[in-house]
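These notes concern the structure reproduced below.
Nothing in this text is a laboratory measurement; each read-out follows from the coordinates by a stated rule. As the structure is a computational prediction, the values presented were derived from the model and not from experiment. A quick note on method: Cβ atoms are made from the backbone with ideal geometry, for glycine too, and the neighbour counts reach across all protein chains shown.
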Amino acid sequence: MEKITRLKLKKYLIIFILFLALFLRVWKLGKVPVSLFGDEVDVGYQAYSILKTARDYYGNLLPIHFHSLAEWRTPLYLYSVVPTVGLFGINVLGVRLPAAIFGVFCVYALYLLVKKVFADEKLALISALFMTINPWSIQYSRAGFEVTELIFFLILGLYFFFCSLEKKGKNLWISVLLLTLMPWVYSTAKLFLPLLFLFMFFNWRK
């Protein structure tokens, strides 16, 4: 009976942490930060153009890299904004909501990863709580940045990797897919992803 009570308590705790994470990331999202900055406006117009024409605003059909005004942008965050821009329009909520949602997903993904690696529910809950109240995570979850989606793919990819180790490689493809998609979320991943793959291969090659 006591064991069941503890399990229920831990279940309620992670639910509370996730609701707290959601609150900290969406409360007054339209007002804090004050307004959309240039990159966010660009994301909104690209997503709106894809929604209406299936092309970016340069006329490229469903591009895998978006030609922006001053640079080339990675596609996955832009495509994730298309549904919210369709629902809410080219405004703060439409552009920023996916980042906030991925910020909450990061909290739960970290909980799963820590629980899997250390087999410690308490440590997993503490880790999720620290991610929830981490100022860096809150800041980047409240703007139209790709980085929260990148961190989510990274953490979830590592979680499925460690799951596959327990099952002799079964479902390893899920981890590989999530990790290899990262450069299409945020180009910085091109710098560290090869090193991560090498580390994983040599450390767990057996």
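A Cα-only calculation for segment 60-180 places Rg and Dmax at 16.3, 49 Å. Helix 92-118: angle to the longest alpha-carbon principal axis of the chain, degrees 0 to 90, nearest 10? That helix lies at roughly 20 degrees to the long axis. Each of residue 71 and residue 34 was given a label point 7 Å from its Cα along the Cα-to-Cβ line. The distance between the two points is 2.3 nm. Each Cα pair under 8 Å and six or more residues apart adds its separation to the average, and for the chain the resulting relative contact order is 21 percent. Given +1 at the Cβ of Lys and Arg, -1 at the Cβ of Asp and Glu and no other charges, the dipole of the chain around its Cα centre is 880 debye to the nearest 20.
Taking Cα centre as origin and charging only the Cβ of basic (Lys, Arg, +1) and acidic (Asp, Glu, -1) residues, the dipole magnitude of segment 51-147 rounds to 120 debye. Across the chain, the convex hull enclosing all Cα atoms gives 138 Å³ per residue. Which shape class, rounded, prolate or oblate, goes with segment 1-110 when its Cα gyration tensor gives a ≥ b ≥ c as root eigenvalues, a/c under 1.5 marks rounded, and past that a/b bigger than b/c marks prolate? It comes out prolate by the Cα gyration axes.
Applied to segment 17-31, the Karplus parametrisation 6.51 cos²θ - 1.76 cosθ + 1.60 on θ = phi - 60° returns per-residue 3J(HN,Hα) values of 4, 5, 5, 5, 4, 5, 4, 5, 9, 10, 5, 6, 4, x, 10 Hz, with x for Gly and Pro. By how many degrees, between 0 and 90 and to the nearest 10, does the Cα long axis of helix 147-166 differ from the longest principal axis of the chain? Approximately 30 degrees, to the nearest ten. The distance linking segment 167-206 with segment 47-105 is 25 Å (Cα centroid to Cα centroid, whole angstrom).
What's the ranking of 151-164, 60-73 by average number of surrounding C-beta atoms within 10 Å, highest first?
Peptide ranking by packing, descending: 151-164, 60-73.
For segment 7-70, the pair-distance distribution built from all alpha carbon pairs, in bins 5 Å wide starting at 0, is 4, 15, 15, 12, 10, 12, 12, 9, 7, 4, 1 percent.
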